[in-house]
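Enquirer: Before anything else, here's the structure in question.
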Amino acid sequence: MPTLTIFSSVPARTAAEAAPAATSRPIPAVLGADLEVPVKGGRLVGYANLDYAASAPCLEPVSAAVTAALPAYSSVHRGAGYASQLTTARYEQARHTVRAFVGARPDDAVIFTRNTTDATNLLARCLPEGSTTVVFDTEHHASLLPWQKSVRLAPPAFPGEAVRAADAALAGIDGPKLLVVTAASNVTGELWPIAALAHVAHRHGARILVDAAQLVPHRRLNLTALDLDYVAFSGHKLYAPFGAGALVGRRDWLAGGEPYLKGGGAVRSVGDDIEWHDDPEPRHEAGTPNVLGAIALAAACDALTATGWTELVREEERLIARLRSGLASIEGVRELSLWGDDHPRVGIVSFTVDGYSAREVAEVLSSEYGIGVRDGKFCAHPFVRHLLGETDGGCEDGTASAVRASIGIGSTQEHVDRLVEAVRDLVNRC
Ligand SMILES: Cc1ncc(COP(=O)(O)O)c(C=O)c1O
C-alpha cells in the first residue's frame with residue numbers, strides 16, 4: 001500500500017498549502033496526447049485539451065491496470081471460482097488504495113459510487129432525521145442540491161468571511177448538521193480553507209463533507225490530518241474514466257441510512273423480514289459493482305501518489321501562471337475570481353471576452369484552433385451569476401456564461417500559448 005505524506009492539520013490552511021512530498025518521480029503519460037482533430041479548411045492539428053476539469057484523459061497506468069484485470073474479470077463477492085476470488089481481491093484492494101489516497105482513518109467507510117454527484121446524493125440520503133445542511137452558493141450543483149433541508153450562504157468576500165459565515169450559520173442550527181464545501185472551485189480553481197471550516201464545524205458539533213472532485217487530481221489530500229468527516233470525488237476527473245467515484249468517511253451515518261439501492265449484496269438475509277447489512281460498503285453497493293471502475297480509480301490513485309506530487313504541482317503552477325498572465329494581457333478579457341489574483345488555485349481559469357458569448361469563443365477555439373474548452377455556467381449557476389455580476393458575459397440575451405480552460409497531466413506550454421494567441425486573434429477581429 002502506498003505511504004502518504006500528510007497535510008498539516010493547522011486549521012487556517014488550505015489543503016494545498018501543506019508541505020509537498022520530499023521526492024518526485026516521473027509523471028505518467030496520458031492516452032491521446034497525440035490526438036489530431038480537424039479544423040476549418042480540413043487541416044488536422046494536434047488537439048489542445050484544455051477541459052480537464054470536466055473529464056481528464058486516461059492515464060497510461062490506469063489503462064494498463066484495467067487491461068491487466070480484464071482476462072480474469074469475473075463476479076465479485078459471490079463466486080468460489082479462482083477468477084471470482086481474484087477479481088474480488090482486486091476490488092477490495094482498490095478500496096484500500098482509495099482509503100490511503102485520501103488519508104482516511106482506518107475505520108472510515110469507502111463506498112464506490114458512480115461519481116461525485118452519486119456520492120453527495122448517497123450521503124444526503126443517510127443524514128440523520130432532522131439534519132440541516134449548510135452550503136455556500138459557490139458550490140457545484142452536485143454539492144448544492146441533494147440536501148432536504150439546507151441553509152444557503154452567499155459567496156464570501158474573502159476566505160475568513162467563509163469561516164465566519166459558516167460559524168454563524170452553524171451556531172443557529174439545532175439538531176444534526178452538516179457543512180458542505182468544495183476544496184477547489186470548479187469555476188475559479190480557488191482553494192477553500194477546508195481545515196478552518198472543519199474546525200468550525202466540529203466546534204458546533206457539525207460534520208463536514210468536502211467535495212474534492214477538483215482537488216484530488218491536482219493536490220494531495222489528507223482527510224485525517226485535515227479532520228474532515230467525508231470526502232467525495234470522481235474517477236473521470238482523476239484520469240480514470242471508467243465510471244467510478246467514491247464517498248469516504250465516517251461509518252455511523254452511512255450504516256444507519258436507507259440502503260442506497262435495494263437488492264442483492266445489500267442484504268444479509270431475506271425472509272418475511274429483511275436483514276440489511278449494517279456495514280456501509282455492502283449496504284450501499286447493491287448489485288454487481290463497477291469493478292473495473294474501482295480498479296481504474298485505484299490505479300490512478302497509485303499513479304498520482306507515485307509521482308510524489310512535487311513536480312506535478314510545480315508544472316501545473318507554471319502553466320497556469322503563464323495562461324493567466326497571457327489572458328490578462330489581452331484587452332477585453334476578464335478572469336473570474338472570488339478571492340483575487342493571488343489566492344492559491346488549481347489549474348482552472350474561467351474568463352469572459354468582451355463582444356463575444358462564451359459559446360462563440362469556445363466554438364471558434366475548437367473549429368479554428370483545435371482547442372477544447374468548456375463554456376457555460378459549469379453546473380454552478382448561482383456562483384457564475386455572482387461572479388459575472390452586472391455583466392452579461394458577452395451575451396446580449398442575458399444568458400451570462402463564461403469560458404473555462406483547465407489543465408492537468410499532459411498539458412503543455414504549446415497548448416496554453418495556443419489558447420492565449422487564439423483569444424488575442426479573436427479580440428483583434430472585433
Ligand atoms: C467541484 C465539483 N463537484 C462535483 C462535480 C460533479 O462531478 P460528477 O459529474 O463526476 O458527478 C463536479 C463536476 O464538474 C465538480 O467540478
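The values are calculated or read from the model by the stated rules, or taken from the named source; none is laboratory data. What you are looking at is a predicted structure, and each value in this text was computed from that prediction instead of being measured. When we count neighbours, we look across all protein chains shown, and the Cβ atoms used for this are built from the backbone with ideal geometry, even at glycine. Just the protein is used for accessible areas: all its heavy atoms, side chains included, with ligands, DNA and RNA removed. Shrake-Rupley method; radii C 1.70, N 1.55, O 1.52, S 1.80 Å.
Enquirer: Report the calculated FRET efficiency for residue 360 and residue 428 (r = Cβ-Cβ distance, R0 = 25 Å), to the nearest 0.05.
Expert: Working: r = 15 Å, r/R0 = 0.60.
The value I calculate is 0.95.
Enquirer: Provide Rg over Rh for the chain; use the alpha carbon set for both Rg and the Kirkwood Rh (inverse mean inverse pair distance).
Expert: Working: Rg = 21.9 Å, Rh = 22.4 Å.
Answer for the chain: 0.98.
Enquirer: In nm, to one decimal, how far is the modelled label at residue 80 from the one at residue 93, with both set 7 Å along Cα→Cβ?
Expert: Simple spin-label model gives 2.4 nm for this pair.
Enquirer: Under 5 Å between amide hydrogens, which residues at least 5 positions from residue 153 or on another chain qualify, with H placed 1.01 Å from N in the peptide plane?
Expert: 135, 136, 137
Enquirer: Okay, moving on. Give, rounded to the nearest 20 debye, the magnitude of the charge dipole that the chain has about its Cα centre when Lys and Arg contribute +1 at Cβ and Asp and Glu contribute -1 at Cβ.
Expert: Values: 39 positive and 50 negative charges, 117 e Å.
Dipole size: approximately 560 debye.
Enquirer: Hey, another quick one. Going toward the positive end of the dipole of the chain, with +1 on Lys and Arg Cβ and -1 on Asp and Glu Cβ, which of 364, 239, 135 do you reach last?
Expert: My answer, from the dipole projection, is 239.
Enquirer: Here's a follow-up. What fraction, in whole percent, of alpha-carbon pairs in the range 178-334 exceed 29 Å separation? Present the calculation step by step, with values, prior to reporting the outcome.
Expert: On the way: 4101 of 12246 pairs.
Result for the distance tail: 33 percent.
Enquirer: At a probe size of 1.4 Å, how large is the accessible area of residue 75, to the nearest 10 Å²?
Expert: Estimated to the nearest 10 Å², residue 75 gives 50 Å².
Enquirer: Helix 413-429 against the longest principal axis of the chain: what's the angle in degrees, Cα atoms only, rounded to the nearest 10?
Expert: 50
Enquirer: Return P(r) of the range 149-193 (all Cα-Cα pairs; 10 Å bins starting at 0; whole %; ordered from short to long distances).
Expert: Per 10 Å bin, starting at zero, the Cα-Cα P(r) for the range 149-193 comes out as 23, 55, 21, 1 percent.
Enquirer: Something else: Got a number for the accessible area of residue 58? Probe 1.4 Å, square angstrom, nearest 10.
Expert: My reading of the accessible area for residue 58 is about 20 Å².
Enquirer: Roughly how big is the range 133-219's charge dipole about its Cα centre, with Cβ charges of +1 (Lys, Arg) and -1 (Asp, Glu), in debye to the nearest 20? Let's see the in-between values first.
Expert: Values: 7 positive and 7 negative charges, 43 e Å.
Here the range 133-219 has a charge dipole of around 200 debye.
Enquirer: How about the range 292-374: which GluC sites (Glu not before Pro) there lie in a loop by DSSP and see at most 16 other Cβ atoms within 10 Å? Write out the running numbers ahead of the final one.
Expert: Details: sites: 311, 315, 316, 317, 331, 335, 360, 363, 368; in loops: 331.
When the GluC sites (Glu not before Pro) of the range 292-374 are filtered for loop state and at most 16 Cβ neighbours within 10 Å, 331 remain.
Enquirer: Give the angle, between 0 and 90 degrees and rounded to the nearest 10, that separates the Cα long axis of helix 82-101 from the longest principal axis of the Cα atoms of the chain.
Expert: The angle comes out at about 60 degrees.
Enquirer: Same structure again: So what is the relative contact order for the chain, in percent, with contacts set as C-alpha pairs under 8 Å and at least six apart?
Expert: On the way: 940 pairs, mean separation 100.5, N = 430.
Taking the mean separation of contacting Cα pairs over the length of the chain, I get 23 percent.
Enquirer: Roughly how far apart, in whole Å, are the Cα centres of the range 46-93 and the range 153-210?
Expert: 35
Enquirer: Work out the FRET efficiency for residue 270 and residue 137 from their Cβ-Cβ distance, taking R0 = 56 Å, and round it to the nearest 0.05. Mind showing how you got there, number by number?
Expert: Values: r = 44 Å, r/R0 = 0.78.
That pair, residue 270 with residue 137, gives E of 0.80.
Enquirer: What trypsin sites (Lys or Arg not before Pro) does the range 73-173 have in DSSP loop regions with at most 12 other beta carbons within 10 Å? Intermediate results must be reported in sequence, preceding the final value.
Expert: Working: sites: 78, 90, 95, 99, 114, 125, 149, 152, 164; in loops: 78, 114, 149.
Those satisfying the criteria are 78, 149.
Enquirer: Let me ask something else about it. Taking all protein chains in place and a 1.4 Å probe, what share, in percent, of the accessible surface of the chain do carbon and sulfur account for?
Expert: Working: 8990 of 17280 Å².
Within the chain, the accessible surface is 52 percent carbon and sulfur.
Enquirer: Which percent, nearest 5, of DSSP beta bridges in the chain are antiparallel?
Expert: Numbers: 29 of 48 bridges.
For the chain, the DSSP antiparallel bridge percentage is about 60.
Enquirer: With n ≥ 4 as the cut-off for DSSP H runs, can you work out [θ] at 222 nm for the chain, using -39500 (n - 2.57) per run divided by the number of residues, rounded to the nearest 500?
Expert: Details: 14 runs with 156 residues, N = 430.
Calculated at 222 nm, the ellipticity per residue is -11000 deg cm²/dmol.
Enquirer: Same structure, new question: Residue 310 to residue 174: FRET efficiency via 1/(1 + (r/R0)^6), r the Cβ-Cβ distance, R0 45 Å, to the nearest 0.05?
Expert: Calculated value: 0.50.
Enquirer: Keeping every protein chain present and rolling a 1.4 Å probe, give me the accessible area per residue for the chain in Å². Could the numbers behind the result be given before it?
Expert: Values: 17280 Å² over 430 residues.
Averaged over the residues of the chain, the accessible area is 40 Å².
Enquirer: Follow-up question, since we're still on this one. Using only Cα atoms, find the angle between the long axis of helix 116-126 and the longest principal axis of the chain, and express it within 0 to 90 degrees, rounded to the nearest 10.
Expert: 40
Enquirer: Oh, and also: Counting other Cβ atoms within 10 Å, which GluC sites (Glu not before Pro) in the range 121-227 have at most 12 and lie in a DSSP loop?
Expert: Working: sites: 129, 139, 161, 190; in loops: 129, 139.
In loop regions of the range 121-227 (DSSP not H, G, I, E or B), the sparsely surrounded GluC sites (Glu not before Pro) are 129.
Enquirer: Can you compute the charge dipole magnitude of the range 177-288 about its Cα centre, using +1 on each Lys and Arg Cβ and -1 on each Asp and Glu Cβ, nothing else charged? Give it in debye, rounded to the nearest 20. Provide the component values of the computation, followed by the final result.
Expert: Values: 11 positive and 13 negative charges, 107 e Å.
Dipole of the range 177-288, to the nearest 20 debye: 520 debye.
Enquirer: With label points built 7 Å along Cα→Cβ from the Cα atoms of residue 36 and residue 204, find their separation and express it in nm.
Expert: Output for this residue pair reads 5.8 nm.
Enquirer: The range 229-302: Rg/Rh from Cα coordinates, Kirkwood Rh? Please report the intermediate quantities before stating the final value.
Expert: Details: Rg = 13.9 Å, Rh = 13.4 Å.
Across the range 229-302, the Cα-based Rg/Rh ratio is 1.04.
Enquirer: Per residue, how much space in cubic angstrom lies within the convex hull of the C-alpha atoms of the range 176-229?
Expert: Numbers: hull volume 3.7 nm³, N = 54.
Taking the convex hull of the Cα positions in the range 176-229, it is 69 Å³ per residue.
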